[in-house]
1. May I ask for the net charge around Gln87, where only other residues with Cβ less than 13 Å from the Cβ of Gln87 are counted and Lys, Arg are +1 while Asp, Glu are -1?
2. Read phi for every residue in segment 295-307 and hand back ³J(HN,Hα) as whole Hz from Karplus 6.51 cos²θ - 1.76 cosθ + 1.60, θ = phi - 60°, with x for Gly and Pro.
3. Output the direction-averaged projected area (hull surface divided by four) of the convex hull of the alpha-carbon atoms of segment 146-199, in nm².
4. What number results when the radius of gyration of segment 218-307, computed over Cα atoms, is divided by 2.2 N^0.38 Å?
5. Length gain on complete extension for the stretch Ile97 to Gln285, per 0.36 nm per residue less the alpha carbon to alpha carbon distance?
6. Would you mind estimating how fast segment 92-157 diffuses translationally, via Stokes-Einstein at 20 °C and 1.002 mPa s with the Kirkwood radius over Cα pairs, in µm²/s?
7. Using 7 Å Cα-to-Cβ label points, what is the Glu384/Thr232 separation (nm, one decimal)?
8. So what's segment 36-191 giving for Cα Rg divided by 2.2 N^0.38 Å, two decimals?
Amino acid sequence: MHSWSKIMPDAIVVGTGFAGTVVARELAEAGKRVLVLEKRDHIGGNMYDKQDENGILIHQYGPHIFHTNNEEVAEYLAKFGEWKPYQHRVKGMIKGIEVPIPFNFYSMENLFSTQECKILQTYLQENFANRQRVSVWELMESEEKVIKTLGHYVYANVFEGYTSKQWGVSKADKVDRSVLERVPVVLGYDNRYFHDKIQQMPAHGYTTIFENMLNHKNIECLLNVDMKDMVTFEYDGTIRLEDEAFHGVFVYTGMPDRLLQNCYGNLPYRSLDLQFETLQQDSFQSVSVMNYPTSEVFTRITEFKKLTGQQKTGVTTILREYPEAFEGREGQEAYYPIENETNRALYEKYKTTLTSCWSNLYLCGRLAEYKYYNMDAVVARALELSKEILEKEGK
Ligand code: FAD
Ligand code: UDP
């Protein structure tokens, strides 16, 4: 039995990533008593960060950079802590040469002769007038031979190897096109990784933002509690909290197949083996994130002090990401839904069963909605869901 107030809440929220935390906060603000359950020993979901033993702020679940065009989301998050502007720049190690990613005119100049660059840029400007960015698919599908050839070069050197590693596929075209479209080809010299209006990092780390969001008199947050140890779903439509029937709002942000004992089969996710290393040196690489599209087993290396801004000398912390299939092993986390038609259909089957059996159950977030959401989209979705719940409740 877990120690908690035992006061029957109006709402139960499972998970303390942005999905769970935003909904908990919004329901609490509207006067509802919210019980939050988190199976990890910390809040913040995959945004969790902490100082390591060297005083370097690390992101425990991989590098997280906040970027959005949604001003409402940025304004909302600004209420819970200070943010500092940050423009993310990434390089790729291509055939031993460091080139900016997304592939842009600088990348071209690093890899091709001045004459070749001139020709390529002229063709690109003529064929994609007024476009600042195109997808690698558009280049490869161009009728223009020069552009098509460039497209195939970028595909082979930037996307193919990285995508095979990240998604465990033999060919990058086995992955939904939208995945590669996240990283465009830039028709110019803008070498930032993201192109959103707002790009920033929390000045004192993400965890502080989450602490402030969950710090509300109507929120009780229990850590180290797997929902299944306190909650049961009965097939007559009842949800039980410990021994009592719970009729309030139930928001779940974990993997949906788990709620039905994977009865239709496992929803596939990708995971990562995250390997941190401390090095006794000032600097390891030229940028905060270096991608390895054509070599190595890992996909990228993050050097945290370049991402989170510590001025430490003589020591640096790096992270290598080794992609792997999510098999539900102890300690392994599901990080990426694998979006395709088959998996979407399987997800919909789970969702339909869950929401028709338990009318007070809501699914929210990257795992629960099986969507490759960025942070800003999760916050937007959680705000929208909170509104929907409160309207339904007549609040
Ligand atoms: P999560 O953060 O996964 O939170 C879910 C929470 O629910 C977890 O804390 C989990 O422990 C808890 N939980 C699950 N099941 C249970 C249960 N049964 N009982 C109790 N608790 C449970 N987005 C960006 O915008 N920018 C980036 O740079 C970026 N980088 C990323 C890098 C990596 C390596 C990864 C994996 C993701 C990145 N993202 C980034 C995406 C971002 O992490 C997600 O959008 C975000 O985590 C989604 O929040 P969430 O609340 O839906 O899920
Ligand atoms: N990608 C790639 N090469 C790169 C960077 C990205 O092939 O150098 C592809 C890869 O398939 C990856 C996808 O683009 O999964 C999306 O990249 P993003 O950086 O958005 O991935 P995330 O940060 O979400 O892991």
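1. +3
2. 3J(HN,Hα) across segment 295-307, in whole Hz: 8, 6, 8, 7, 8, 7, 10, 9, 10, 5, 5, 7, 8.
3. Result: a mean projected hull area of 4.7 nm².
4. Dividing the Cα Rg of segment 218-307 by 2.2 N^0.38 Å gives 1.76.
5. Taking 0.36 nm per residue and subtracting the Cα distance, the gain is 66.4 nm.
6. 177
7. Here the modelled spin labels are 3.6 nm apart.
8. Taking the Cα Rg and dividing by 2.2 N^0.38 Å, one obtains 1.29.
The values are calculated or read from the model by the stated rules, or taken from the named source; none is laboratory data. Computed from a prediction, not measured in an experiment: that's the story for all the values here. Backbone-built Cβ (ideal geometry, glycine too); neighbour counts: all protein chains shown. To get the accessible areas, we keep the full protein, side chains included, count just its heavy atoms, and leave off ligands, DNA and RNA. Shrake-Rupley method; radii C 1.70, N 1.55, O 1.52, S 1.80 Å.
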